[in-house]
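Where a number appears in this text, it was derived from the coordinates with a stated rule and is not lab data. What you see is a predicted model; the values in this text were computed from it and never measured. We place every Cβ from the backbone using ideal geometry, glycine too, and count neighbours over all the protein chains shown.
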Amino acid sequence: MGEHSSGMPSTVRTFLARPGAFFESRVDRLNGFRGGALALLFSVVATVILGGVLRRFTTLFTGTTTVDNPSYPGDMICEDGGLEGLNMTVTMSGCDQPKQKSVEISSLLWDEMAGIVPWIAVGLLLVWFGLAVALHVGALLGGGSGRFGQTLEVAAWGFLPILVTSVVGGAALLFFAGRADLSASSPEALLPAIRSLQSGVSGLTLLLIQLLGATWQAYVWAAGLRVTHEISRRAAVAVAVLVALVPVLLS
């Protein structure tokens, strides 16, 4: 009972402090199916975290703007001469509505982002597979002999640091955004406000968090590649660092 209850905390401690031992204890069980399940789990959780951060982020923008009113049928129908050959009852419905309406910038911004959030999980899964291919090819070039299925699971475990940096980075973003002037009178004015968060102290802080996450990720991957592919520490570290830097450079 005592050993069973301490198993999970012990496993977590091993993963954090000695990822090499973590992978050695399960090297024969590493496979692509488990890797895919882990990648899916981490991607969904990361998407929920990022979705929550984005929802809170949009509420920090103040100001209103005018947009076309969807309840207004349009000038072609409502203006003089637009009723010819059409049913009067149908065409007149909504013509008393204003052509434009006032909406909050925060609401407009969230409407745009809400459609993107579900695709974050899909994007992360594609990134996971692409990074796994890069790790596997790099390990083979370094003299590795592991199976691709093993590399897939090693790559998936490297996504755990992404969850942590998503929480920390999201909290930092909201902290700096809460102290910035995010008032805007039009959607076009949003871009300068968002760019202001990518520079100065806030930009450096977010970059540092991302680099720390990539370093942790490379640490996990190097340990996994060394165990599964039986390559030298130098080769494993080189491959892991190069692959971990790719998302940072592309972001």
Packing-based order for 236-243, 105-112, using average beta carbon neighbours within 10 Å, highest first: 236-243, 105-112
Highest mean packing first, using Cβ neighbours within 10 angstrom, the peptides 173-182, 31-40, 129-138 sort as 129-138, 31-40, 173-182
Full-extension gain between Val103 and Ser251, please, as 0.36 nm times their residue separation minus the C-alpha to C-alpha distance. 50.2 nm
Simple spin-label estimate for Val168 and Leu16 in nanometres, 7 Å along Cα-Cβ: 1.2
